[in-house]
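The values are calculated or read from the model by the stated rules, or taken from the named source; none is laboratory data. Please read all numbers here as calculations on a predicted model, not as lab measurements. Ideal geometry is used to build each Cβ from the backbone, glycine not excepted, and the neighbour counts take in all protein chains shown.
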Amino acid sequence: MYPFPGPEIAPVAEVGGKGASLLIGRKESLPVPPGFILSMHFFAPWLRQLKATSAWSDFLRSSGNDEMKVCDALKQASEELFLDDAQEQALSHALEPFGKDTLFAVRSSSPEEDLESSSFAGGYETVLGVTRSTLRQALAKAFASCLDYRVVVYKRENGFAVNDPKIAVIVQEQIASEIAGVGFSLNP
């Protein structure tokens, strides 16, 4: 788990490009709302659980017409996963600095997205207006998006391994805004 603001800059391989950029931006005193990143390591138990299911075996054997159905079944299975004790403890610790009524944006961050040769734009999930009581569902939804049919097809077409999903999830305080925008830069 990587909080921001915080002293640590994490590798893209652990928190994804979006996550690493938020950590760097906050460290450089950019106005990044506070939050934390649940790293790929945090979700390793969920991947182990999924890989032990028949849905995963079906996914590995799928092709063509049945692939979308198999991806949907795997996503549904992953949205039903529960946090283990270590994950719950880490999440509780990460939430300590935030008020009980804080709204969060829950955003996926994959080390395979936002690279020079690939973007995955729109493939992964973001859930807005998340409360503490809906946080676990939002985490599962963001996590499950790494198994979305569109993501799997894009990965295959761009030479990424489809049998090794990689995802981290950002939980960030959602600010109340009247207008919003996104800026992109090669070198902020």
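Summary of computed values
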{"read-out": "Test result for residue 90, modelled with pLDDT of 95 or more and either among the basic types (Lys, Arg) or in contact with a strand residue (DSSP E or B) (Cβ under 7 Å, 6 or more places away or on another chain) (or both)", "value": "no"}
{"read-out": "The one condition in (1) in contact with a helix residue (DSSP H, G or I) (Cβ under 9 Å, 6 or more places away or on another chain); (2) closer than 22 Å to residue 172 by Cβ that residue 99 fails to fulfil", "value": "(1)"}
{"read-out": "Candidate set: region 2-57, residues that are among the aliphatic types (A, V, I, L, M) and surrounded by fewer than 18 Cβ atoms within 10 Å (Cβ to Cβ); chosen: the one farthest from residue 87 (Cα to Cα)", "value": "30"}
{"read-out": "Near pairs, Cβ below 6 angstrom, 6+ apart or cross-chain, from region 114-135 (under 30 Å from residue 88 (Cβ atoms)) to any residue that is modelled with pLDDT of 85 or more and among the β-branched types (Val, Ile, Thr)", "value": "123/151; 127/106; 130/106"}
{"read-out": "Within region 144-175, tally of residues that are touching a residue at least 24 places away in the same chain (Cβ under 8 Å) and either of a type in the set (Ser, Thr, Tyr) or outside any helix (DSSP H, G or I) (or both)", "value": "18"}
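So that you can scan it fast, the table gives a plain yes or no per residue for (1) in contact with a strand residue (DSSP E or B) (Cβ under 9 Å, 6 or more places away or on another chain); (2) within 19 Å of residue 1 (Cα to Cα); (3) surrounded by 17 or more Cβ atoms within 10 Å (Cβ to Cβ); (4) at pLDDT 85 or above:
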{"site": "132", "(1), (2), (3), (4)": "yes, yes, no, yes"}
{"site": "142", "(1), (2), (3), (4)": "yes, yes, yes, yes"}
{"site": "152", "(1), (2), (3), (4)": "no, no, yes, yes"}
{"site": "162", "(1), (2), (3), (4)": "no, no, yes, no"}
{"site": "171", "(1), (2), (3), (4)": "yes, yes, yes, yes"}
